[in-house]
Amino acid sequence: MKTDGTREAALNLNAETFRMLGHRLVDQLAERLAAMPRGPITRADSPSAVRSALDLNGPLPESGMDAASLLDQTTRLLFDHSLFNGHPRFFGYITSSPAPIGMLGDFLAAALNPNVGSFGLAPAATEVESQTVRWIAELIGYPAGCGGLLVSGGNMANLVCFLAARHAKPGLVYASEETHTWIQKAADISGIGAELMRWIPTDASLRMDVAALRRQLDADKAVGGVASLIIGTAGTVSTGVVDPLPEMAAICKEYGAWFHVDGAYGGFAAAVPEAPDDLRALSEADSVAVDPHKWLYAPLEAGCALVRDRELLRAAFSHHPPYYHFDEQATNFVDYGLQNSRGFRALKVWLALRQVGASGYRKMISDDIRLSRAMADAVDRHPELELMTQELSITTFRYVPEDLKRSAGSEEGERQLNAINRELLDRLQRGGEVFVSNAVIRGRYALRACIVNFHTQLADVEALPAIVARVGREVGLVKVAD
Ligand SMILES: *Cc1c(COP(=O)(O)O)cnc(C)c1O
C-alpha cells in the first residue's frame, strides 16, 4: 500500500499490458494450431524428460518474473511437450478435438469469472447454462423441461444422476458388465456394497442380456428385493455398442425402477440417422448423462446431467444453510448438484451450439461415424489386419502377421497375438504418427480407434492400416511368458 492509499498489486496488469499479452498469445496459438497437423501427435517424453524440459524440479520462486516472457516461454514449452488430441490422426480413448470457439469461450468465461452457484452471483451465466441444458436435451430428443446442469465430465454426470435416483428410490442397482467404471466409484461413494449391486451379463454383441436382467429382477423380487435403478449404456466405452434401451425402458416401467442411460459417449449421436434406432430410446430414461467434451467437441471439461423430473434432482441436492440468502424463485445451481462454487463451463458449449446450430452438429457427428466406417473398410481390406468391431465411431481390429494366420484361434496363437498387439499399441502411441488405444474383446487384445475429431479427413483414416502394419512388422514375434 502506498502512502496515498492506492495499491500496486503484484498480479495486476494494466489494460495496455493485458491487451499486448493477449494479442501475442492469440497470435502464437493461431500459428501453433495451424501447424499441428504437420507435426507429431506426441513426442512421448518420459516424466523426467518433461520435468527437465519445463524446468519443473525447482522450489517455489521467492520473487516473480516478467509476464510477457513467462507466457512466451510457457506457450512454447507446452506446445513442444504435449500430446495433441486436436491432431487429425488422434483416435485414442474418447477424447475430442477442441472447438476453437470453445477455447475463446473459456477465455471470456475466465475474464467474467461468474460464480454459477447462484443466480444472484451469476445472473447471465445462470440463464446461459439453463438454456444450454435445454438445448442439449433438445438435440438428443430428451424433454427440454428436465432438470440438469453442467459438471466436469461423464463420471460426474453419471454420479449426479445416480445420486438423484438413489435419493428417489433406495434398493438394488442393476448394471451390465460393460458399464464404464464410474459405476464402481458411484457405488463406493454412496456406500452401497456388493450386496446391492447386480452385474448383468452381456450377449454375444456385448449388449446387456435383457433375459438375464429379467431373471435377476424376478429372483430378487421373490425374496423381497426392491429394484432402485437400472443402468443402460448408449455407446459403451470399449466398442461403442448400444444396449437394448427400448426393452430396458419397458422393464424399468414394469418393475418400477429408475432408468438411467449413460450416454457420455454416444448420447449426442441420437441426433443423427446413422446411429442405431435403439439409441433414441434414451428419451424414455429418467436420467441421462452426456458429455459435451466428447461429441460436442467442447474443450475439457464439460459433462451434463439431465433428470426428467427436475424436482427429483433438486430434492437430492438442495439444502438451505443459514449463511446463504438466495432468491428461491431463481435457478441456483448449488441446489442441483454437488459443487458449491461453480465456473462458467456452459459458455464454451453454448457458443459452439450457436456457432454451428443443430445442423452443424448433426453433420460433424455423421461425418465422424462415416469416417469410422471407412476406416473399418480400409482395415478389412488390409491382408495383415483383422477387423473386429465397428459401432458408432469406434473401430476395433488387430494385427495378424502372415505366419500367425493359421494359429489364430488356438490358445498359443491367441497368446502370441495378444502380446504382439500389446507391444504394437505401445509403439504406435509413442511413435506420434497415429494415436489409437485398446480394448479387450472376449479375451482378445484389440487396437481401438475412436473418431470424435472434426479435423480428421478421409486421407487420415485411409493412412492408418499401412502405418499399423508397418509398425506391426517391426514388432515381429514377441516372447510370451508362460
Ligand atoms: C467417457 C465415458 C465416461 C466417463 O466420462 P468422463 O468425461 O471421462 O468423466 C462414462 N461413460 C462412458 C460410456 C464414457 O464413454
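The values are calculated or read from the model by the stated rules, or taken from the named source; none is laboratory data. Note that the structure is predicted; figures quoted are calculated from it, not measured. Glycine gets a Cβ as well: all are built from the backbone with ideal geometry, and neighbour counts include every protein chain shown.
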### Query
Do any residues in segment 204-216 that are touching a residue at least 40 places away in the same chain (Cβ under 8 Å) have Cβ atoms under 8 Å from those of residues that are part of a helix (DSSP H, G or I), where the two are at least six apart or on different chains, and which pairs are they?
208/248; 210/247; 210/248; 210/251
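How many residues are in a loop (DSSP other than H, G, I, E, B), out of contact with any helix residue (DSSP H, G or I) (no Cβ under 9 Å at 6 or more places or on another chain) and among the charged types (D, E, K, R) when one looks only at segment 428-481?
Residues in segment 428-481 being in a loop (DSSP other than H, G, I, E, B), out of contact with any helix residue (DSSP H, G or I) (no Cβ under 9 Å at 6 or more places or on another chain) and among the charged types (D, E, K, R): 1 in total.
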### Message
Can you tell me which condition residue 98 does not meet? The list is (1) in a loop (DSSP other than H, G, I, E, B); (2) surrounded by fewer than 23 Cβ atoms within 10 Å (Cβ to Cβ); (3) under 20 Å from the mean Cα position of the chain (by Cα); (4) assigned by TED's automatic domain parsing to the domain that holds residue 321, and all the others hold.
### Response
(4)
### Task
Identify the single condition in (1) in the same structural domain as residue 454 (by TED's automatic domain parsing); (2) in a helix (DSSP H, G or I) that residue 361 does not satisfy, given that it satisfies every other one.
(1)
### Task
Find all pairs meeting these conditions: Cβ atoms under 6 angstrom apart; at least six residues apart or on different chains; first residue within segment 132-152 and under 24 Å from residue 273 (Cβ atoms) and without any contact (Cβ under 8 Å) to a residue 40 or more places away in the chain; second residue away from the ligand (no atom under 16 Å from the Cβ) and in a helix (DSSP H, G or I).
144/134; 144/137; 144/138
### Selected residue (criterion: nearest to the ligand (Cβ to nearest atom)) from residues of segment 257-280 that are surrounded by 24 or more Cβ atoms within 10 Å (Cβ to Cβ) and in a helix (DSSP H, G or I)
267
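Count, please, the residues in segment 1-48 that happen to be assigned to a loop (DSSP other than H, G, I, E, B), of a type in the set (D, E, K, R) and in contact (Cβ under 8 Å) with a residue 24 or more places away in the chain. Steps first, please.
Filtering segment 1-48 down to residues assigned to a loop (DSSP other than H, G, I, E, B) leaves 1-14, 39-46.
Add one more test, that the residue is of a type in the set (D, E, K, R), and what stays is 2, 4, 7-8, 43, 45.
Among the residues that remain, those that are also in contact (Cβ under 8 Å) with a residue 24 or more places away in the chain are: 43, 45.
Number satisfying all stated conditions: 2.
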## Note on the structure
residue 108 meets each of (1) in contact (Cβ under 8 Å) with a residue 24 or more places away in the chain; (2) in the same structural domain as residue 288 (by TED's automatic domain parsing) with one exception, condition (2)
### Task
Return a yes/no flag: does segment 404-423 have any residue that is modelled with pLDDT of 95 or more and closer than 30 Å to residue 292 by Cα.
no
### Query
Restricting attention to segment 119-157, and to residues there that are within 16 Å of the ligand (Cβ to nearest atom) and part of a helix (DSSP H, G or I), which single residue is surrounded by the fewest Cβ atoms within 10 Å (Cβ to Cβ)?
155
### Query
How about segment 281-317: which of its residues are more than 11 Å from the ligand (Cβ to nearest atom) and small (Gly, Ala, Ser)?
281, 283, 285, 287, 305, 315, 316
### Message
Could you go through segment 158-166 and let me know if any residue there is outside the structural domain of residue 391 (by TED's automatic domain parsing), farther than 30 Å from residue 390 by Cα, at pLDDT 95 or above and within 13 Å of the ligand (Cβ to nearest atom).
### Response
yes
### Query
Assuming residue 197 fulfils every condition listed in (1) more than 16 Å from the ligand (Cβ to nearest atom); (2) surrounded by 15 or more Cβ atoms within 10 Å (Cβ to Cβ) apart from one, which condition is it?
(2)
